[in-house]
Amino acid sequence: MNVLFVSAEVAPFVSVGGLSQVMYFLPQALSRIGDDVRIFTAKYGTMDVVAPQKSIDLTTEFSQLAVPIGESPEIGKNLICNVLEYRDEKTKITNYFLENREYYELRANVYGYKDDHIRFGLLSKGCLEWLYQIQLTGNWWPDIIHVHDWHTAYLIDYARRSPRYAAILKDIPIVLTVHNFSMQGNSDFRYGDKEDFDDGFSPLQPIISPKFQSQNPLKRGLLFADATNTVSPTHAVEVLTPQYAEGLDDVLRKVKIKMTGTLNGLDTE
């Protein structure tokens, strides 16, 4: 299978928490059994420090990618990015990095900014726009897309409900793995104001709109993913209870039929 992972952090390029470790080892495990694995992430400023130590030679895979701010591309209403590529000949995994100076390269950290919703909305939509462009060339195409946590859950809403992307991805299953249900976006959705409540079904606002921050990407990912997964079979049951659902009780009960748990692995070497 051709498997595309989309994640906010990927070791060894950047590593903040356990997500980056999953994104380092799981693709390698799939590659060893014959899958063609590609990973899409952002090119953060911290990589400028890490990359020389890892002897990473980045090449330009797609130049001047115009990512629409809103529903469709319009002149002057796009964010211009590049997609860089690194092929690890040892693991046989290809990594793609969305390059944007303002939202990634000038930042000292991966997380912790007041515009994180814009940064990860851009990552999600940037990946989709890249797929939109490469499907016209007949090059590599995923059989399945696997996204992780709220940062890339935006991709699922766009892929299933945006006319620009829904048509080309209608036959591609998308799975969402949730590593942390308490982190649902760049806002306090569980205890936020009632007027900011997001039912998950209204159209996503333009990524630079103030209203975009009050839309819950994790909820939307859970609603529109073809399958959802979490870090163990036990936790997949736990999150169906109010104690662990982090305010997503109704949504999780609605989607429980597509919820599974896969135990995080142990590197015995």
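The values are calculated or read from the model by the stated rules, or taken from the named source; none is laboratory data. The shown structure was predicted, so the numbers you read here are calculated from the model rather than taken from an experiment. Note that we place each Cβ from the backbone using ideal geometry, even for glycine, and neighbour counts take in every protein chain shown.
Right, residue 86: in a strand (DSSP E or B) and either β-branched (Val, Ile, Thr) or within 22 Å of residue 155 (Cβ to Cβ) (or both) or not?
Judged against the criteria, residue 86 is a match.
Return yes when residue 91 is over 18 Å from the mean Cα position of the chain (by Cα), free of Cβ contacts under 8 Å to residues at least 24 places away in the same chain and in a loop (DSSP other than H, G, I, E, B) and no when it is not.
no
Read through the list (1) modelled with pLDDT of 95 or more; (2) crowded, with 19+ Cβ neighbours inside 10 Å; (3) touching a strand residue (DSSP E or B) at 6+ places or on another chain (Cβ under 9 Å), then give the number of the only condition that residue 30 fails.
So residue 30 meets the others, but not (2).
Looking only at the stretch 176-200, how many residues end up being buried (at least 18 other Cβ atoms within 10 Å of the Cβ) and among the acidic types (Asp, Glu)?
The total comes to 1.
Please verify whether residue 173 is on the phi < 0 side of the Ramachandran plot and surrounded by fewer than 18 Cβ atoms within 10 Å (Cβ to Cβ), treating the condition exactly as stated.
yes
Please go through (1) in a loop (DSSP other than H, G, I, E, B); (2) at pLDDT below 95 for residue 9 and return the number of the only condition it doesn't satisfy.
(2) is the only condition that residue 9 fails.
Of all residues in the stretch 242-263, which are within 24 Å of residue 196 (Cα to Cα) and surrounded by fewer than 21 Cβ atoms within 10 Å (Cβ to Cβ)?
Across the stretch 242-263, the qualifying residues are 242, 243, 244, 245, 246, 247, 249, 250, 251, 253, 254, 255.
Take residue 112 and decide whether it is on the phi > 0 side of the Ramachandran plot and modelled with pLDDT under 90.
Criteria not met by residue 112.
Of these, 217, 203, 210, 163, which one is surrounded by 13 or more Cβ atoms within 10 Å (Cβ to Cβ) and of a type outside the set (A, V, I, L, M)?
Selected residue: 217, the only one of 217, 203, 210, 163 that is surrounded by 13 or more Cβ atoms within 10 Å (Cβ to Cβ) and of a type outside the set (A, V, I, L, M).
Failed condition for residue 33, given (1) of a type in the set (A, V, I, L, M); (2) under 21 Å from residue 140 (Cα atoms); (3) touching a residue at least 24 places away in the same chain (Cβ under 8 Å), with all others met?
(3)
Would you point out which residue out of 143, 196, 188, 149 is under 14 Å from the mean Cα position of the chain (by Cα) and among the acidic types (Asp, Glu)?
Result: 149 is the single residue among 143, 196, 188, 149 that is under 14 Å from the mean Cα position of the chain (by Cα) and among the acidic types (Asp, Glu).
Restricting attention to the stretch 65-105, report how many residues are surrounded by 14 or more Cβ atoms within 10 Å (Cβ to Cβ) and on the phi > 0 side of the Ramachandran plot.
1
Give 204, 218, 252, 176 a once-over and let me know the one that is farther than 30 Å from residue 79 by Cα and in contact (Cβ under 8 Å) with a residue 12 or more places away in the chain.
252
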